[in-house]
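Take a look at the structure below.
The values are calculated or read from the model by the stated rules, or taken from the named source; none is laboratory data. None of these values were measured; they are calculated from a predicted model. Methodologically, a virtual Cβ is constructed for each residue, glycine included, from the backbone with ideal geometry; neighbour enumeration extends over all protein chains shown. Surface areas here come from the heavy atoms of the whole protein model, side chains and all, with no ligands, DNA or RNA. Shrake-Rupley method; radii C 1.70, N 1.55, O 1.52, S 1.80 Å.
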Amino acid sequence: MAFRVIQELRVRIKRVVTVPVSYGQSFLVCRGLTLSSSSFKEDNWRTRFLRKVDPRKDAHSNLLAKRETSNLYKIQFHNVKPECLDAYNKLCAELLPKILSSSNLPYTLVGTWNTWYGEQDQAVHLWRYEGGYPALTEVMNKLKKNTDFMEYRKERSKMLLSRKNQLLLEFSFWNEPLPRTGPNIYELRSYQLRPGTMIEWGNHWARAIAFRQENSEAVGGFFSQIGELYMVHHLWAYRDLQSREDTRNSAWQKDGWDECVYYTVPLIQKMESRIMIPQKNSPLQ
């Protein structure tokens with residue numbers, strides 16, 4: 001649009017009369033618009049239409065993450081061979097609690113699920129490392145010497161088609177993901193944001209999260225640090241699919257929710273929803 005305006009102004013300027021004045025300058029007169037021909041430059045016009053952005057004084061991770069904790073989260077996505085899904089779930093149920101209880105390390109299993117709707121034959125695990133990156137390094141180094149963990153990795157590798165993970169921080173304004181009783185279904189809504197929009201997203205959701213507390217559906221909100229960048233994950237809990245629909249519809253009856261949606265949708269490049277069922281050993285049931 002700015003380019004078209006500039007082109008139109010150039011055409012109009014060509015049609016106006018040049019009026020000589022003293023000191024060797026002339027002025028262009030166009031329907032009440034007066035411009036000095038000696039000072040007219042394309043760069044000056046371009047800057048009129050450029051958006052001025054104030055430089056950030058800090059990383060968005062420092063502005064959005066919880067300051068009272070130094071927790072780091074890891075989310076894992078394991079795509080399992082369809083014929084191995086039951087064996088995979090059994091392996092996780094038997095060995096993961098054993099590994100956690102014997103290691104005495106600064107990490108916990110927040111939740112573990114199978115995808116019900118979304119990408120099929122997939123397991124999702126969410127871990128918390130109490131102490132940030134040093135805790136993650138300590139855990140990884142010591143688990144390499146844990147025989148149960150090495151057995152788990154060996155058997156797991158026979159069952160997987162692919163796997164990926166991301167390191168996450170939790171939004172300061174979101175609920176703490178604490179264990180809960182079931183039965184529940186969980187929805188993991190993942191958003192790929194346009195680079196540079198994380199602060200804007202956080203500003204809107206810091207207000208919007210208040211509209212989603214009525215049925216205790218908000219479990220946790222996270223944003224990526226390593227892996228796919230500018231990724232946001234919102235984790236929700238519902239009794240069932242009908243409860244999910246009713247809860248989401250009720251948000252539209254609250255004044256302000258529509259504004260959040262209006263301003264955050266343009267920030268999204270891609271989004272995905274997974275409906276997940278907790279495994280037997282998941283603290284989030």
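Against the test of being charged (D, E, K, R) and over 26 Å from Lys90 (Cβ atoms), the options Glu155, Glu151, Glu170 yield a single qualifying residue, Glu170. Restricting segment 249-265 to residues that are assigned to a helix (DSSP H, G or I) and of a type in the set (Phe, Trp, Tyr) leaves a set whose member that is farthest from Gly196 (Cα to Cα) is Trp257. Listed by first and then second residue, the pairs linking a residue in segment 191-207 that is on the phi < 0 side of the Ramachandran plot to a residue that is among the β-branched types (Val, Ile, Thr) and part of a helix (DSSP H, G or I), with Cβ atoms under 7 Å apart and 6 or more places separating them unless they lie on different chains, are Trp201/Thr264; His204/Thr264.
In summary, Lys145 fulfils each of the numbered conditions (1) open to solvent by 30 Å² or more (accessible area, probe 1.4 Å); (2) closer than 26 Å to Tyr117 by Cα with the single exception of condition (2).
Looking across segment 216-237 at every residue that is more than 16 Å from Ser273 (Cα to Cα) and assigned to a strand (DSSP E or B), the one that is least open to solvent (accessible area, probe 1.4 Å) is identified as Ser224. Within segment 140-161, residues that are assigned to a loop (DSSP other than H, G, I, E, B) sit with their Cβ atoms under 7 Å from residues that are hydroxyl-bearing (Ser, Thr, Tyr), at 6+ positions apart or across chains, in these pairs: Asn146/Ser103; Met159/Tyr88. Being in a helix (DSSP H, G or I), β-branched (Val, Ile, Thr) and open to solvent by 10 Å² or more (accessible area, probe 1.4 Å) is a property that Ile199 has. The condition (being at pLDDT 95 or above, more than 26 Å from His234 (Cα to Cα) and buried (at least 19 other Cβ atoms within 10 Å of the Cβ)) is satisfied by just one residue among Tyr88, Tyr152, Tyr129: Tyr152. Of the residues making up segment 61-85, those that are exposed (fewer than 15 other Cβ atoms within 10 Å of the Cβ) and either modelled with pLDDT of 90 or more or assigned to a loop (DSSP other than H, G, I, E, B) (or both) are Lys66, Arg67, Glu68, Gln76, Lys81, Pro82, Glu83. Residues that are buried (at least 19 other Cβ atoms within 10 Å of the Cβ) and among the basic types (Lys, Arg) occur in segment 205-215; there is at least one. Among the residues making up segment 168-196, those that are part of a loop (DSSP other than H, G, I, E, B) and loosely packed, with under 15 Cβ neighbours inside 10 Å are Glu176, Leu178, Pro179, Thr181, Gly182, Pro183, Arg194, Pro195, Gly196. Does Arg212 satisfy the condition of being at pLDDT below 95, basic (Lys, Arg) and over 22 Å from Glu94 (Cα atoms)? Yes; evaluated as a whole, the condition is true for this residue. Filtered by the rule that a residue be of a type in the set (D, E, K, R) and part of a loop (DSSP other than H, G, I, E, B), segment 106-139 gives Glu119, Asp121.
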